[in-house]
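Undergrad: Sharing a structure, written as structure tokens. Questions coming.
The values are calculated or read from the model by the stated rules, or taken from the named source; none is laboratory data. In this text the structure is predicted, and so the values were computed from the model without any measurement. Backbone-built Cβ (ideal geometry, glycine too); neighbour counts: all protein chains shown. Only protein heavy atoms, including side chains, enter the accessible area calculation; ligands, DNA and RNA are left aside. Shrake-Rupley method; radii C 1.70, N 1.55, O 1.52, S 1.80 Å.
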Amino acid sequence: MDYKVTVVGAGNVGATTAQRIAEAELADVVMVDVLADLATGKALDMMEAAPVLGFNARISGGGDYAPTAGSDVCVVTSGLARKPGMSRDDLLNKNTEIIREVTSQLVKYSPDTIIIMVTNPLDAMCEVARRVSGFPRQRIFGMAGVLDAARMRWFIADALNVSVEDVDAFVLGGHGDTMVPLPRYATVNGIPLPQLLAADTIEAINTRTRNGGIEIVNYYKQGSAYYAPSAAVFDMVAAILHDKKKILPCAVYLQGEYGLHDLFVGVPAVLGRKGMEKVVELDLSAEEKAALQKSAEAVHELVHALPSF
Ligand code: NAD
């Protein structure tokens, strides 16, 4: 393949992302995991599907970073999930440690790569990777908004019984329960959503979108969503490698846009071969601005709680 993508973490999100990228022949994929055999085994398992499905991308896996050298894009999904008895700060400290180590390895072997962060708490882990890598914001950003918007799009399509292909929606803000769904900017084949659904139905969709992650966790009991998250990562990687200039909501390091400074917050951005090429500023109502501000404050609190390094 013309491109190489590294996926760190061969767990649910990482392995499914690798599979989607390889099956679409978007790039060759290198999976790295601290559980080296898990990454090696999953890569081999996927390659053994290649003759049946007929894809020519190569997938390899292990615990070593040397094979990641020269990656065009690196997707970071490595991390711990919060376990019973673990405080939010414990999780923040553990995942900070993991993201520090992973980022320094990635940068060592692929100094010109583009990093897409997936590990939670998302906005704070983006900040850890930014500090460690020293990358400009064009080359380090996070996946959250594409997933949150995809959930909202599905709920709208389901409520109206229309094709998902016709539904567009945006979700701004941090990746947590303060995220800001924007029904005013949601459309169904160009028709604004408020013309198609009653206000209380829209509000119910907003609430379900905000709780989309936990809804899946409650069903899975162990682990969290990965089919939709990996699809969202795939969309971002494809937009970058194919230089699509697609506008996608991403966690971007804001430098004055939306009145926010030096903070990763979910906003619409143009993704192309250079990475995050432009932040798109939407005209927000006073209410939407206040909700975004509140969400940014939640991210700020999290970043403030990061261990110093
Ligand atoms: P998972 O537990 O299935 O996989 C995580 C993998 O990371 C494991 O295989 C583990 O061995 C590996 N790992 C741990 N430490 C490592 C290290 N130092 N180096 C390399 N690999 C290491 O979890 P998952 O379901 O794949 O989720 C991964 C992360 O993505 C979690 O933090 C989760 O919360 C997050 N997530 C984010 C979004 C989003 O919208 N941003 C969506 C879904 C999941």
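Undergrad: Would you check which residues across the range 198-254 are without any contact (Cβ under 8 Å) to a residue 40 or more places away in the chain, part of a helix (DSSP H, G or I) and aliphatic (A, V, I, L, M) and list them?
TA: ALA199, ILE202, ALA204, ILE214, ILE216, VAL217, ALA239
Undergrad: Can I ask one more? Residue by residue through the range 182-238, note down the ones that are more than 20 Å from ALA81 (Cα to Cα), out of contact with any Leu (no Cβ under 9 Å at 6 or more places or on another chain) and within 13 Å of the ligand (Cβ to nearest atom).
TA: Listed by number, the list holds a single entry, THR209.
Undergrad: All but one of (1) away from the ligand (no atom under 15 Å from the Cβ); (2) over 27 Å from MET276 (Cα atoms); (3) open to solvent by 60 Å² or more (accessible area, probe 1.4 Å) hold for ASP2, so report the exception by its number.
TA: Only one criterion in (1) away from the ligand (no atom under 15 Å from the Cβ); (2) over 27 Å from MET276 (Cα atoms); (3) open to solvent by 60 Å² or more (accessible area, probe 1.4 Å) is unmet by ASP2, namely (2).
Undergrad: Next question, about the same structure. Here are ASP158, ASP177, ASP200, ASP166: which of them is surrounded by fewer than 19 Cβ atoms within 10 Å (Cβ to Cβ), of a type outside the set (Val, Ile, Thr) and under 25 Å from LEU254 (Cα atoms)?
TA: Values: ASP158 fails: under 25 Å from LEU254 (Cα atoms); ASP200 fails: under 25 Å from LEU254 (Cα atoms); ASP166 fails: under 25 Å from LEU254 (Cα atoms).
Answer to the selection: ASP177.
Undergrad: Just to be sure before I move on: is ASP112 out of contact with any His (no Cβ under 9 Å at 6 or more places or on another chain), more than 15 Å from the ligand (Cβ to nearest atom) and part of a helix (DSSP H, G or I) in the structure I sent?
TA: No, not satisfied.
Undergrad: Go through (1) surrounded by fewer than 24 Cβ atoms within 10 Å (Cβ to Cβ); (2) hydrophobic (A, V, I, L, M, F, W, C); (3) away from the ligand (no atom under 16 Å from the Cβ) one by one and return the number of the condition VAL34 breaks.
TA: Among (1) surrounded by fewer than 24 Cβ atoms within 10 Å (Cβ to Cβ); (2) hydrophobic (A, V, I, L, M, F, W, C); (3) away from the ligand (no atom under 16 Å from the Cβ), the lone unmet condition for VAL34 is (3).
Undergrad: Now, a different point. Has the range 130-140 got at least one residue that is modelled with pLDDT of 95 or more, outside the structural domain of ILE216 (by TED's automatic domain parsing), part of a helix (DSSP H, G or I) and within 12 Å of the ligand (Cβ to nearest atom)?
TA: No - not one qualifying residue is present in the range 130-140.
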